[in-house]
Amino acid sequence: MFFSDMTVSDVFKFTKKKMTEYQIDFLERMNAIEIDAHWFRRVFHTFAASFLFYYLLPDEEWINLGKIIIPIMIVLCMVIVEYRRIRGDLNHQRFFGLRNYEKKRPASYLYFGVAVLLLFLLFPQQIAIPCLLCASFTDPIIGESRYYFGKKKAYAIGFVISVFFFLVTWYRAEWWVLLFVPLIGAIGAVIGEVMKLELVDDDFMIQMLPAVLLLLMWQGLLLIGIDVLPPPMLHAL
């Protein structure tokens, strides 16, 4: 027999070797899963830009009603799913891409969905569009840049990209508006990404903070008779 010809020392070495091989294989598999989850989260962010199709839906009464009811229903379903997951009714392992700290708190996709819902229902598209684009692209770009360039350069890159999104959306505004609106929006987006709050995810803050800042600016200037909001960029088909 194979084991009968081996000494205790040989058996120990053989077992140790097999355990080492198993550990290496296990770690490689875990790293592969983590890498897949990492890129899954990145793709999810960029895919969210397709939500802008919302503004292209025809401007008809029943469709306008659906544009309110359907997003609310989707987010409510997400809330129910997250509530059951946190309670333990749904296995955490079934939710691919979740981080460890999300086991006992709502996942980032729920924060993302709530922010998008608020943007669509409460903010004009001139404010909502660049904020959603920041969440879709600035967030993952900052995340990737941190690995290669460090935090300071990553946030600088994110700031420049965010400025671009606000410039593109507000390009038909008055020239003096373009001097400060992109700065306000980009600063809000980067601060929203930098802030790490226990109860509020950065996927929410990177959208809502610049949106609220620009809304306050817009409404404040309206009080003195100045409307800085440019014409809408997207129109219903």
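The values are calculated or read from the model by the stated rules, or taken from the named source; none is laboratory data. The structure presented is a predicted model; accordingly, all values stated were derived computationally and were not measured. Ligands, DNA and RNA are stripped out before the accessible areas are found, and what is left, the full protein with its side chains, is counted by its heavy atoms. Shrake-Rupley method; radii C 1.70, N 1.55, O 1.52, S 1.80 Å.
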Reported to two decimal places, what Rg/Rh ratio describes the range 111-159 when computed on Cα atoms with Rh from the Kirkwood expression? 1.10
Judged on accessible area alone, 1.4 Å probe, highest first, 47, 123 line up as 47, 123
Which value results when the Cα radius of gyration for the range 41-148 is divided by 2.2 N^0.38 Å? 1.20
Calculated P(r) of the range 142-193 - Cα pairs past 14 Å, %: 51 percent
Greater than 23 Å separation of Cα atoms is the criterion. Which listed pairs, 67/104; 67/103; 104/196, meet it? 67/104; 67/103
In µm²/s, what is D for the range 104-237 at 37 °C and 0.692 mPa s, where D = kT/(6 pi eta Rh) by Stokes-Einstein and Rh is the Kirkwood radius from Cα pairs? 217 µm²/s
P(r) tail for the range 185-237, what percent of Cα pairs lie past 12 Å? 68 percent
